[in-house]
Structures are given as structure tokens and as C-alpha cells.
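Comments concern the structure below.
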Amino acid sequence: MVLFVDYLGLFVFFVFCFGLSCVIFGLSILLSAKADDVQKLSAYECGFNPFDDTRTEFDVKFYIVAILFIIFDLEISFLFPFITSFGHVATSGTVSMIAFLIILTVGFVYE
């Protein structure tokens, strides 16, 4: 039971945040404008009317760029904690990070 007392502040914080988000969400539903007009419902492409159907297929290059962004986003999220604690990491941690970077490099070269 003593262990749960240490987390009481965290639990109160989560309850407060959840309650506040529910209140803000509810107020946005109650106070928002509900009248939709023609301009609001029309498709918008850089200020011009759409030229073609919006349901066309995209080029594969767009998906590759998105995957490349995710790869480098994940790389940074794994590298930052590693770099901040580099002095305390064992040799096996360094070897595994080098293997991770090699795998990312192979994916980048493949792209």
C-alpha cells in the first residue's frame, strides 16, 4: 500500500488532465458554429478549385518520403537517450546501437 501513495500525485494529475480535456471538448461542441455553407464544404487546393477527382492514386514517391520521415523520426527518438547516457552504456549497448544504425543506413540506401 505504501508504494501506491508515491503515485497519488501522478494519479491526481491524470484525473485533472482528463477532466480538463473533457470540459474543453464539451465547451467546443457547445460553443462552436454549426452552420455549414457552400464555401466551407467545398474542396480546397491552394486557393484554386480542384482540377481533377480527389480520389486518384498517389505516386509511390509520396509514400517513400513518408516512410523515410518515419525512419529518421524513430532514429532520433532512439539516438537521443543513447547519446545522453553514452558514458554509462556498456559495450553491448554500443554494439547494438551500431547495428541499429547499420540497419537504418541500409534502409536509407535502399530508398
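In table form, for the structure just shown:
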| read-out | value |
| --- | --- |
| Selection within the range 68-82 - of a type in the set (A, V, I, L, M, F, W, C) and either surrounded by 11 or more Cβ atoms within 10 Å (Cβ to Cβ) or in contact with a Ser or Thr (Cβ under 7 Å, 6 or more places away or on another chain) (or both) | Leu68, Ile71, Phe72, Leu74, Phe78, Leu79, Phe82 |
| Any chance Leu79 is within 30 Å of Thr94 (Cα to Cα) and modelled with pLDDT of 80 or more | yes |
| Any pair with Cβ under 6 angstrom, 6 or more apart, that starts in the range 9-33 at a residue that is free of Cβ contacts under 8 Å to residues at least 24 places away in the same chain and ends at one that is in a helix (DSSP H, G or I) and surrounded by 10 or more Cβ atoms within 10 Å (Cβ to Cβ) | none |
| Single residue of the range 43-67 satisfying the filter (of a type in the set (Ser, Thr, Tyr) and loosely packed, with under 10 Cβ neighbours inside 10 Å) that is modelled with the highest pLDDT | Thr56 |
| Leu20 being within 23 Å of the chain's Cα centre (by Cα), at pLDDT below 85, surrounded by 10 or more Cβ atoms within 10 Å (Cβ to Cβ) and not in a loop (DSSP other than H, G, I, E, B) | no |
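The values are calculated or read from the model by the stated rules, or taken from the named source; none is laboratory data. Here the structure is a predicted model, which means the values were calculated and not measured. Every residue, glycine as well, gets a Cβ built from its backbone with ideal geometry; the counts of neighbours run over all protein chains shown.
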